[in-house]
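Enquirer: Got a structure for you, questions after.
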Amino acid sequence: MADRTVELGEFGFAGDDRVVPFQVEGLDVRGRAVQLGPLLNSILDRHDYPPAVARLLAETIVLTVLIGTSLKFEGKFTVQTKTDGPVDLLVADFTTPENVRAYARFDEEAVASAVAAGEASPEKLLGTGVLAFTIDQGSFMQPYQGIVPLDGSSLEEIAGVYFRQSEQIPTRVRLGVAELYDRDQTGKPRHAWRAGGLIAQFLPEAPERMRHPDLHGGDGDDRDNDHAEDDGWAEARLLVDTVDADELTDPQVGIERLLFRLFHERGVRVYEPNGVYDRCSCSREKIKGVLQGFSAEEIDASQEDGAIGVTCEFCSTTYTYPVSELENA
């Protein structure tokens, strides 16, 4: 979506691939919401994943964008799964302030068998394992990593557990993915992916209002489990839970309209959107630097017809290096 100037008195809608921060002062809730279109299609079309795998990766991308755009420093935020299911690896990372990349690794036969057997839900395709959230602020800072078990819960639920464990912030996440079919101007059938997401967090000025029961199996004081959930957060959570995937992905229901539907009775304020883009961080020089760390034997074993080719798993760009270029560097 091309940027344009908003005239005085006109409300500018964010559109696709732009994250909208929002605040509901009446409920002490802040959050972000997004609808992804061109960015998502660019990533998924490049790899031509089976639809079941594409849906999983799309959810992961939305979750990464929602959390990554909240970073207040230069760095990278990565969401990665490692499981024993047919889709054993999903990776999406967000490099501040706006760059996104992602890919999936899967067993093609196992995925096809799961689909044929009617067992292609996200939980079945992922299996059991872990979901890791990694924040990397650069070479001078120690990376932070939060790891949450994948135990058959959805990515929405797992994200809520992550925030509860790592930041002690009551959080609700909604994710949605859809395939759209229509026809172009010539009548030719056309297919596109869309995804949307919303993250809402309870951030009252009084810290004691954020208290909530300890997680099952946690080491918190059991006496804290007796208090009631804050009324403001209970209302916000119930409102967010009314959102369905169709609303999150409908191109006719922009993010601002969706937020108004949810919170208009409490008063919702939206802020300037943040654009996100499909941009990989790989480069010819970066990969050359890695290859230069190879031994002569490793270079010889990797070369074919006097050159080494390396394809980036994220953007599918292939870089070719004559062996002489690596030996003389």
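Enquirer: Find the residue count for segment 168-199, including only residues that are hydrophobic (A, V, I, L, M, F, W, C) and either without any contact (Cβ under 8 Å) to a residue 12 or more places away in the chain or more than 19 Å from L238 (Cα to Cα) (or both). So that I can check it myself, show each step before the final result.
Expert: We begin by selecting, within segment 168-199, every residue hydrophobic (A, V, I, L, M, F, W, C); these are 169, 173, 175, 177-178, 180, 192-193, 195, 198-199.
Adding the requirement that they be either without any contact (Cβ under 8 Å) to a residue 12 or more places away in the chain or more than 19 Å from L238 (Cα to Cα) (or both) leaves 177-178, 180, 192-193, 195.
Looking only at that region, the number is 6.
Enquirer: Mind checking whether some residue in segment 56-67 is part of a strand (DSSP E or B) and at pLDDT 95 or above? Break it down stepwise before answering.
Expert: As a first pass, look at segment 56-67 and keep what is part of a strand (DSSP E or B): none.
Among the residues of segment 56-67, not one is part of a strand (DSSP E or B) and at pLDDT 95 or above, which makes the answer no.
Enquirer: I need the full set of residues from segment 34-55 which are closer than 19 Å to L89 by Cβ and not in a helix (DSSP H, G or I), in order please.
Expert: D48, Y49, P50
Enquirer: Say we look at segment 151-188 and pick out the residues that are acidic (D, E) and within 19 Å of Q201 (Cβ to Cβ); which of these is surrounded by the most Cβ atoms within 10 Å (Cβ to Cβ)? Show your work before the answer.
Expert: Filtering segment 151-188 down to residues acidic (D, E) leaves 151, 156-157, 167, 179, 182, 184.
Right, trim to within 19 Å of Q201 (Cβ to Cβ) and you get 156-157, 167.
Values: E156: 17, E157: 14, E167: 11.
Top of the filtered list is E156.
Enquirer: Follow-up. From the list G75, G37, G26, G15, which residue is surrounded by fewer than 23 Cβ atoms within 10 Å (Cβ to Cβ), touching a Gly at 6+ places or on another chain (Cβ under 9 Å) and either hydrophobic (A, V, I, L, M, F, W, C) or more than 22 Å from V243 (Cβ to Cβ) (or both)?
Expert: On the way: G37 fails: either hydrophobic (A, V, I, L, M, F, W, C) or more than 22 Å from V243 (Cβ to Cβ) (or both); G26 fails: either hydrophobic (A, V, I, L, M, F, W, C) or more than 22 Å from V243 (Cβ to Cβ) (or both); G15 fails: either hydrophobic (A, V, I, L, M, F, W, C) or more than 22 Å from V243 (Cβ to Cβ) (or both).
Step by step, each of G75, G37, G26, G15 is checked, and only G75 is surrounded by fewer than 23 Cβ atoms within 10 Å (Cβ to Cβ), touching a Gly at 6+ places or on another chain (Cβ under 9 Å) and either hydrophobic (A, V, I, L, M, F, W, C) or more than 22 Å from V243 (Cβ to Cβ) (or both).
Enquirer: Further question: Would you point out which residue out of T249, T318, T311 is under 25 Å from D16 (Cα atoms) and either touching a Phe, Trp or Tyr at 6+ places or on another chain (Cβ under 6 Å) or of a type in the set (S, T, N, Q) (or both)?
Expert: Working: T318 fails: under 25 Å from D16 (Cα atoms); T311 fails: under 25 Å from D16 (Cα atoms).
Result of the check over T249, T318, T311: T249.
The values are calculated or read from the model by the stated rules, or taken from the named source; none is laboratory data. Owing to the predicted nature of the structure, the values given are computational and were not obtained by experimental measurement. Cβ: placed from backbone, ideal geometry, glycine included. Neighbour counts: every protein chain shown.
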